[in-house]
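Quick notes on the structure that follows.
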Amino acid sequence: MRRSDYLIKRAAFAIITVFVAITINFFLFRVLPGDAVRNLSRVPRASNELVNALKEQFGLDEPLWQQYVIYLNQLLHGNMGISFSNQQPVSENLKEALANTIPMAATGTVVAIIIGVSTGVFSAWRRGSKLDQVSTNAAIAFYSFPTQWLALVILIYLSPWFPSHGMSDPFLIDPTPWEHFVDVARHMFLPSLTFALTLYGEYTLIVRSAMLETLGEDYVLTARAKGLPQRRIVTRHAFRNALLPTTTLIALSLGYIVAGAILIETVFSWPGIGNAVYQAVTERDYPMLQGAFLVLTISVVFFNFIADVLYFKLDPRITE
Amino acid sequence: MEPRRRPVMHFVLPLVLALVASACSGSSGGGGDGGEGAEGGVLRIGTSSGLTSLNPFVGFNQDDYAVWMYIYPSLLMYDTTTPTYDFLPGFAQEWSQSEDGMTVTFETVPGATWSDGEPLDAEDVVFTFEMIKEYEKTQTAQWAGSVTFLETIEATGENTIVATYDRPAGTALYDLGLTPILPPQVWEPLAASKEIRRFPNEPEGGEPLVGGGPFLLTEYRKNDIALFEANPSYYGTKPLIDGFGLQFFRDEDAMITALKTDQLDAINEIPPTAVETLRSAGMEVYEGPALALRDLIFNVDPEGQQRPELLDPRVREAMEYAIDRQAIVDTAWLGFATPGSTIVPEGNATQGVSWHDDDIQPLPYDIAKANEILDSLGYAKGSDGIRVADGEQMEYEVVFPLDEAGAGDRAFRIIQQGFEQIGVRLVQQRLDTNAAWNAMYDKGHYVFELAMWDWFPAADPDFILAVLTCDQWGNWNDTGYCTDEYDDLYTEQKEAVDPQERQRIVFEMQQLAFDARPYIILTYDRRLDAWSKDWTGFVPSTQGIFNNFSTQSLTSVHQA
């Protein structure tokens, strides 16, 4: 198969996946028990008419298939709808939430990659040593801790030194750009740390096993026989080949950044996409849920696609 | 719409000066000995409910209502320092209701202005209610309750408003008095273009939201913070603080930690489990009556209830005898609750009278008595100890919405154990709040067996009394209770202008509901708020230190 054929096939597959996900998302939330207007209409001074007024306004009085057609049509025109609960465009709500999530989650992920890859390589290199044992056990432990539990423990023990909620100190008066940066970085510390700790263990374990596999290959033995220095064998010969599974893992986990944010953002009251999803679920805010899940789907599919492309680049055998 | 500003904080000059000043005085440990506390400073309040929208026709959280109370004028307020919540002058200095209850007159503060300099007078009040009235079935349905039976409202002078009703209006002062007055310069164009609900009503371009209350909203970030500064052009007594911030927490433990580590100054409502932690950390914890009740609900809709024995009031009475309320108070609520009796909670008092009937006492915990009643009805116990009624075991599903989790779970287990001793088995059906309602009501009928839920009644008892009326079938009514007798009394109390007369009817309704037992009221909550000892002067209420009853709390709070 030629390179372009491969890419076209992967891209087409990605697009179909997104479409299927859009459809499933639409019906999924509507088969959930509980309806959207009930929550909004439980207001002490409201009249009984509010329920009907809301249903009509949100188009919930139309048949389901018609709502679906309207939704698809609007989506193709780039309109994600209006949030039921705050009456603002979903795209605005999501843009704002995503802009808050990405710096925090990306920092956590990058730190996780750095720690995970280096401890993984080191563990494989010094296999069986005390350090390998400590590092591997720590990785397994952090990998298996429930995210929200770890987040709470971090919050309780570290919050005297770092802010435990929100993105910035609203009472900081006219900060210079540097002061503002420091303030946001301090707020980001605990959630990003949690993010990094929950992610890194998996990286360590995968990198370690990939490395062990390549370290046992004949070409590594050859390199040793040639008398190459140990460091060179590890970095040039073994690590490059161990990169393959690692890349896939990283690309895939990038796609789940947004999803992984839900628990962490809830604990640290971070005003990002995870928080928005949580709120939308409790309020049965269908347009927000559809929008947020669309973003989730697209990010997962997109990074899968990137992983495919990278794979292709890293390992030419795939085309054969 | 303009994208909201990134967190480059812009704060107005008075606040800057104030914060510097407060930082200086704060480090010296505060005054204390002089009695007079320091003025100024910015108060940081934590809340776990958060704002849904700043638009009064969209937002529905308790905090939304409290924000409107602080940023918009209201004709009247409730004086929460008095035990019966007497009316307090707001934008109206004087008010009166004609003897027949058909006419209400308000005299407003002369020379008031909105924060943008536009005059604030009787015309604005008239505008607000006429707008609500005009769109009551659509865009303004959320406040339609404040214009029920209102026939006309007009400004007979710059500062005089006269409202007339088509029948005696017992709740007129509450309906008109406690509704936010909105600036016509903002809302008139929106009403004309049917954009009332679409309007975000948020500060834009560094300008505060046009308001007329003691505080102005200067900054708002969804799910994060809302910032307020004192309104220099406010017509009433100006606040002592320069401003306050509301910070939203998704996680209660994180919020408690924030108060302990000086990242917050006060928390509006803490869970009972946090009381000891905060007290031992040196925080002030307020405890008082709350407008909140927890109830066991019976489906009494004769066409929807599939278990005929539950429609028998004697069975429900037996079940009440099997509930150990004191154990629920002590174990589930750690003592921060009181045994419940009627649908109007203790502490619900306005207009100089208490609406809760103290003479109605819950049935005592008496397993023998409960068994005696069920035996007399012929429901014999089977070999497994569970009674049989009409050929079926007395085992019932209890719809349990997740917002009752925690204390509610513990309460459920206590009830379950009590019922076991009378040969009745309960199965908890945990559902999220939206799903719970769906499990209870379907296609015009109530379809559940039992449920456990809560009510947070409004200041005026009218609302909580309404939930048992036929008119609320499928809406607020969650039991299927519907009788002419109760409905007639409901209408009668609404038209009773004399508070004493209304009280008599409200007591009668409580007795009626208590005897019919569509609900067993388990407990009334205690209100718990906490703040740092660096601050003093909060005015607590049945809705806490940040409430929509009055602006007293945050206009009198100051640094210790």
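Does B:GLY423 satisfy the condition of being more than 14 Å from every other protein chain (Cβ to nearest Cβ), surrounded by 19 or more Cβ atoms within 10 Å (Cβ to Cβ), out of contact with any helix residue (DSSP H, G or I) (no Cβ under 6 Å at 6 or more places or on another chain) and at positive phi?
Yes; evaluated as a whole, the condition is true for this residue.
Need the failing condition index for A:THR282 against (1) modelled with pLDDT of 80 or more; (2) under 30 Å from A:ARG30 (Cβ atoms), just the number.
Result: A:THR282 fails condition (1) only.
Could you list, ordered by first residue, the pairs with Cβ atoms under 7 Å in which the first is in region A:64-91 and in a helix (DSSP H, G or I) and the second is basic (Lys, Arg), at least 6 apart or interchain?
From region A:64-91, the pairs are A:LEU64/A:ARG30.
Quick check: anything in region B:226-234 within 19 Å of B:PHE127 (Cβ to Cβ) and surrounded by 23 or more Cβ atoms within 10 Å (Cβ to Cβ)?
no
Being more than 10 Å from chain A (Cβ to nearest Cβ) and hydroxyl-bearing (Ser, Thr, Tyr) is the filter here, so list the residues in region B:435-492 that pass it.
B:TYR446, B:THR469, B:THR479, B:TYR481, B:THR483, B:TYR486, B:TYR490, B:THR491
Give region A:53-105 a look and list any residue that's at pLDDT below 85, within 12 Å of another protein chain (Cβ to nearest Cβ) and surrounded by fewer than 16 Cβ atoms within 10 Å (Cβ to Cβ), or say none.
Correct list: A:GLU56 only.
Which condition breaks for B:ILE328 when tested against (1) within 18 Å of the chain's Cα centre (by Cα); (2) over 30 Å from B:ALA496 (Cβ atoms)?
The single condition B:ILE328 does not satisfy is (1).
Looking only at residues that are within 29 Å of the chain's Cα centre (by Cα) and hydrophobic (A, V, I, L, M, F, W, C) in region B:294-318, which one is surrounded by the most Cβ atoms within 10 Å (Cβ to Cβ)?
Checked region B:294-318; the qualifying residue surrounded by the most Cβ atoms within 10 Å (Cβ to Cβ) is B:PHE298.
Return the residues of region B:484-498 that are surrounded by fewer than 16 Cβ atoms within 10 Å (Cβ to Cβ) and either in a loop (DSSP other than H, G, I, E, B) or within 22 Å of the chain's Cα centre (by Cα) (or both); say none if nothing qualifies.
Residue satisfying the conditions is B:ASP498 alone.
Filter region B:43-76 for residues that are of a type in the set (A, V, I, L, M) and under 15 Å from the mean Cα position of the chain (by Cα); which is farthest from B:GLY288 (Cα to Cα)?
B:LEU51
Does A:PHE122 satisfy being over 21 Å from A:HIS187 (Cα atoms) and either within 14 Å of chain B (Cβ to nearest Cβ) or within 22 Å of the chain's Cα centre (by Cα) (or both)?
no
For region A:184-297, which helices (runs of 4 or more DSSP H) that fit wholly inside it have 3 or more residues that are among the acidic types (Asp, Glu) and over 13 Å from the mean Cα position of the chain (by Cα)? First the steps, then the outcome.
Values: elements: A:218-225, A:240-255, A:257-267, A:273-283.
Answer list for region A:184-297: none.
Just to confirm my filter: which strands (runs of 3 or more DSSP E) fall fully inside region B:77-151 and include at least 2 residues that are away from every other protein chain (no Cβ under 14 Å), at pLDDT 90 or above and crowded, with 21+ Cβ neighbours inside 10 Å?
Here the list reads B:103-108.
Residue pairs, Cβ under 9 Å, 6 or more apart or interchain, first in region B:185-211 and under 23 Å from B:THR113 (Cα atoms), second among the acidic types (Asp, Glu) and in a helix (DSSP H, G or I). List them.
Matching pairs, first to second residue: B:ALA191/B:GLU134.
Collect the residues in region A:142-153 that are more than 13 Å from chain B (Cβ to nearest Cβ) and surrounded by 12 or more Cβ atoms within 10 Å (Cβ to Cβ), keeping them in residue-number order.
Hits for region A:142-153 are A:PHE142, A:TYR143, A:PHE145, A:LEU150.
This table checks each residue for (1) assigned to a loop (DSSP other than H, G, I, E, B); (2) within 24 Å of B:TRP333 (Cα to Cα); (3) in contact (Cβ under 8 Å) with a residue 40 or more places away in the chain; (4) in contact with a strand residue (DSSP E or B) (Cβ under 7 Å, 6 or more places away or on another chain).
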residue	(1), (2), (3), (4)
B:GLY480	yes, no, yes, yes
B:GLU501	no, no, no, no
B:GLN510	no, no, yes, no
B:PHE514	no, yes, yes, no
B:TYR524	no, yes, yes, yes
B:ASP529	no, yes, yes, yes
B:ILE545	yes, yes, yes, yes
B:PHE549	yes, no, yes, yes
B:LEU554	no, no, yes, yes
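With respect to the numbered conditions (1) touching a helix residue (DSSP H, G or I) at 6+ places or on another chain (Cβ under 6 Å); (2) surrounded by fewer than 22 Cβ atoms within 10 Å (Cβ to Cβ), which one is the sole condition not fulfilled by A:THR204?
Every listed condition holds for A:THR204 apart from (2).
Answer yes or no: is there a residue in region A:206-214 that is within 11 Å of another protein chain (Cβ to nearest Cβ) and either within 30 Å of B:GLY41 (Cβ to Cβ) or in contact (Cβ under 8 Å) with a residue 40 or more places away in the chain (or both).
No; the residues of region A:206-214 include none that is within 11 Å of another protein chain (Cβ to nearest Cβ) and either within 30 Å of B:GLY41 (Cβ to Cβ) or in contact (Cβ under 8 Å) with a residue 40 or more places away in the chain (or both).
Condition first: closer than 22 Å to B:PRO239 by Cβ and part of a loop (DSSP other than H, G, I, E, B). Now tell me which residues in region B:47-76 satisfy that.
B:LEU51, B:LEU54, B:PRO56, B:TYR72, B:PRO73, B:SER74, B:LEU75
Select from region B:214-265 the residues that are within 8 Å of chain A (Cβ to nearest Cβ) and of a type in the set (S, T, N, Q) and list them in ascending order.
Selection gives B:ASN223, B:GLN247, B:THR257, B:THR261, B:GLN263.
Taking into account only those residues within region B:184-199 that are crowded, with 16+ Cβ neighbours inside 10 Å and part of a helix (DSSP H, G or I), which is modelled with the lowest pLDDT?
Selected residue: B:ALA191.
Looking at B:ALA451, B:ALA436, B:ALA458, which one is within 24 Å of B:ILE415 (Cα to Cα) and touching a Pro at 6+ places or on another chain (Cβ under 6 Å)?
B:ALA436
If you take the residues in region B:51-61 that are more than 8 Å from chain A (Cβ to nearest Cβ) and in contact (Cβ under 8 Å) with a residue 40 or more places away in the chain, which one is farthest from B:ALA258 (Cα to Cα)?
B:PHE57
Farther than 18 Å from B:GLU154 by Cα, assigned to a strand (DSSP E or B) and either modelled with pLDDT under 95 or out of contact with any helix residue (DSSP H, G or I) (no Cβ under 9 Å at 6 or more places or on another chain) (or both): does that describe B:GLU202?
Against the criterion (farther than 18 Å from B:GLU154 by Cα, assigned to a strand (DSSP E or B) and either modelled with pLDDT under 95 or out of contact with any helix residue (DSSP H, G or I) (no Cβ under 9 Å at 6 or more places or on another chain) (or both)), B:GLU202 does not qualify.
Please state which of the following conditions A:GLU179 fails to meet, knowing it meets all the rest: (1) assigned to a loop (DSSP other than H, G, I, E, B); (2) within 11 Å of chain B (Cβ to nearest Cβ); (3) of a type in the set (D, E, K, R).
If we test A:GLU179 against (1) assigned to a loop (DSSP other than H, G, I, E, B); (2) within 11 Å of chain B (Cβ to nearest Cβ); (3) of a type in the set (D, E, K, R), just (1) comes out false.
Restricting to region B:188-201, give me the number of residues that are facing chain A (nearest Cβ under 10 Å), among the charged types (D, E, K, R) and touching a Ser or Thr at 6+ places or on another chain (Cβ under 9 Å).
1
The values are calculated or read from the model by the stated rules, or taken from the named source; none is laboratory data. This is a predicted model, so every value here is computed, not measured. In this analysis, Cβ positions are derived from the backbone assuming ideal geometry, glycine residues included, and neighbour counts consider all displayed protein chains.
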